[in-house]
1. How would you rank 158-166, 90-98, highest first, on the average number of other Cβ atoms within 10 Å across their residues?
2. Fully extended, how many nm does the chain gain between residue 130 and residue 115 (0.36 nm per residue separation, minus their Cα-Cα distance)?
3. If you count, for each residue, the other Cβ atoms within 10 Å and average over each peptide, how do 136-149, 118-131 line up from highest to lowest?
4. Each label point is 7 Å from the Cα along the Cα-to-Cβ direction; what then is the distance between the points at residue 158 and residue 77, in nm?
């Protein structure tokens, strides 16, 4: 039984049509604080019980909007759900993402990694236990002001722009 129904609340999900998400997909409509967004997830993904509710990864929608404002007007800009967050790509190359783990995921010149991780709230991004040069996790504390955010976003945009279009 769905635990939200036991409390007399509506089920926090809706069944998807067999359209773009696929027949077994369930767009999550979870009850989260304002400013949080839950992307669609496949039914049964990530949990034993088979429901999609606990498999959803939320990202900071307010941060995503602030990033969107910073990159508005960039040629070749697209948005795509990646790495559990919302990524902003320039000509198909990821520049920055509002991360599903909080803060941002930032793509930078690998040669700058060592210098950039000296900043408070910045560290190498770790994937499958391996730290990656050229990929940074930037905690929310480093993006508190628009000027701070703009500095980080501009690094990601500059690097993405330096890569060949995909």
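No value in this document is a laboratory result; all are computed from the given coordinates. Note that the structure is predicted; figures quoted are calculated from it, not measured. Note that we place each Cβ from the backbone using ideal geometry, even for glycine, and neighbour counts take in every protein chain shown.
1. 90-98, 158-166
2. Here the segment from residue 130 to residue 115 would lengthen by 3.5 nm.
3. With the highest mean Cβ count within 10 Å placed first, the list reads 136-149, 118-131.
4. Distance between the two pseudo-spin positions: 1.9 nm.
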